[in-house]
Amino acid sequence: MAADLDLVGLLEGRRIVVVAGAGGVGKTTVSAALALGLASRGARVAVVTIDPARRLASALGIEHLGDTPHRVDPARVEAAGMPMAGTLDALQLDPQATFDRLVEREAPDDAARDKILGNRVYRHLSGAVAGAQEFMAVERLHELVDSGDYDVVVLDTPPARNALDFLDAPERMTRFVEGRGLRLLLGPRSGAGRTGWRALQAGGHMVMSVVERLTGAQLLTDISEFLQSFDGMYQGFSERASAVRLLLESDSTRFVVVTGPRPEPVGEAIALWRRLRDDRYPLGAVVVNRVHPEPGGGGSAPDGLAALLAGAGAPDPEGLAARAAEALSAARARAAADRHEMASLSGALSAPPIATVPALEDDPVEVAGLARVTRELEGR
């Protein structure tokens, strides 16, 4: 393991950096720190976060982080001791707004677009379909890359139940929009749709009447209009999903896997790295976050500590020395456990590039804290 790995330098020249890993390992902090490092070296950078606590906005000095890119004040970065040769914009993913733009782009005409965007079934489904948030994250990434406004886009992936869900999102969305159930129920624009919808109305009259009493007839009209308006958009959605997949597989992309030095996140990091490798996604490095360093000094509390404390007038010098020895022993045990997990990670993945970030007393909530993490990721 290279403790002095310059991960920021490793990522220079790439257009996309995808930061993935289990929930709670610090993906948002690492994403922001990498973006800060790349911007300090002269790149025009956008970082996209899915962080619900919006800590990134606070750390970067932005009052409100939304779907529109917000420029980070370079003076704040330089005040933290980092040069700012490039620019850094930050934004928070809004899956609904991103899905709306996708519909606007793929709708066959203005009438179909307006019907879908105003349809209450769409408003629900666009956020409830499995994989929608993950797909919209990479769709937003695609938009930012296509805009030409940035040299590199750093994506903080959604806190999925399983980090591998992110990779499957484009395929799941394609299956949804091309699903046989949707095609069967398509309205009068297709023969199969007429058959399916009429069969549902005629053969299930009792069911339909119950549904109408429970939900109101308008809901059925909304469903029918949504399905009819969606007709003709399947090809566009499928092609966009394929484009997203190609973007993630291209050499201009690098995946950074973030983990913590604990068995569960390390296990997920190993599974994710292997999946990325086996599916031929471009790999960058593993970041092990919140690593406890080995305390300095000998194997136990210094001899004569109690006497030194007594000479300094400390109350209960014997008890205080014993507690100090206990704390030192616990710190060494934590550091040893972290080393064990990192060795397991390195061995399981045949020594991938690994960057480490030490456990900090507090989470970085300002630019100075992010700059410290950046310097650690640069191997400084």
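Structure values in brief
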{"read-out": "For segment 63-124: rounded, prolate or oblate by the Cα gyration tensor [a/c cutoff 1.5]", "value": "prolate"}
{"read-out": "Those GluC sites (Glu not before Pro) in segment 1-92 that DSSP places in a loop and that have at most 10 other beta carbons within 10 Å", "value": "E63"}
{"read-out": "Calculated over segment 265-380: convex hull of Cα atoms, volume per residue (Å³)", "value": "150 Å³"}
{"read-out": "A310-R71 FRET efficiency (beta carbon distance; Förster radius 51 Å; 0.05 resolution)", "value": "0.30"}
{"read-out": "Principal axis dimensions, largest first and in whole angstrom, of segment 325-380 by Cα", "value": "36, 33, 17"}
{"read-out": "Of all accessible heavy-atom area on segment 247-380, the percent that carbon and sulfur account for (1.4 Å)", "value": "54 percent"}
{"read-out": "Highest average packing first - 246-259, 347-360, 307-320, Cβ atoms within 10 Å", "value": "246-259, 347-360, 307-320"}
{"read-out": "R0 of 25 Å, Cβ-Cβ distance A271-R101: FRET efficiency to nearest 0.05", "value": "0.15"}
{"read-out": "Calculated FRET value between E294 and R172, using beta carbons and R₀ = 45 Å, to 0.05", "value": "0.55"}
{"read-out": "Low-density loop positions, trypsin sites (Lys or Arg not before Pro), segment 261-355 - DSSP coil, at most 14 other Cβ in 10 Å", "value": "R280"}
{"read-out": "Highest average packing first - 364-374, 235-245, Cβ atoms within 10 Å", "value": "364-374, 235-245"}
{"read-out": "Percent carbon-and-sulfur accessible area, segment 1-96, ignoring ligands, DNA and RNA, probe 1.4 Å", "value": "48 percent"}
{"read-out": "Compactness index (Cα Rg / 2.2 N^0.38 Å), segment 1-120", "value": "1.29"}
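The values are calculated or read from the model by the stated rules, or taken from the named source; none is laboratory data. Treat the numbers as computed from the prediction; the structure is a model and nothing was measured. A quick note on method: Cβ atoms are made from the backbone with ideal geometry, for glycine too, and the neighbour counts reach across all protein chains shown. Accessible surface is based on the protein model in full, side chains and every heavy atom, while ligands, DNA and RNA are left aside. Shrake-Rupley method; radii C 1.70, N 1.55, O 1.52, S 1.80 Å.
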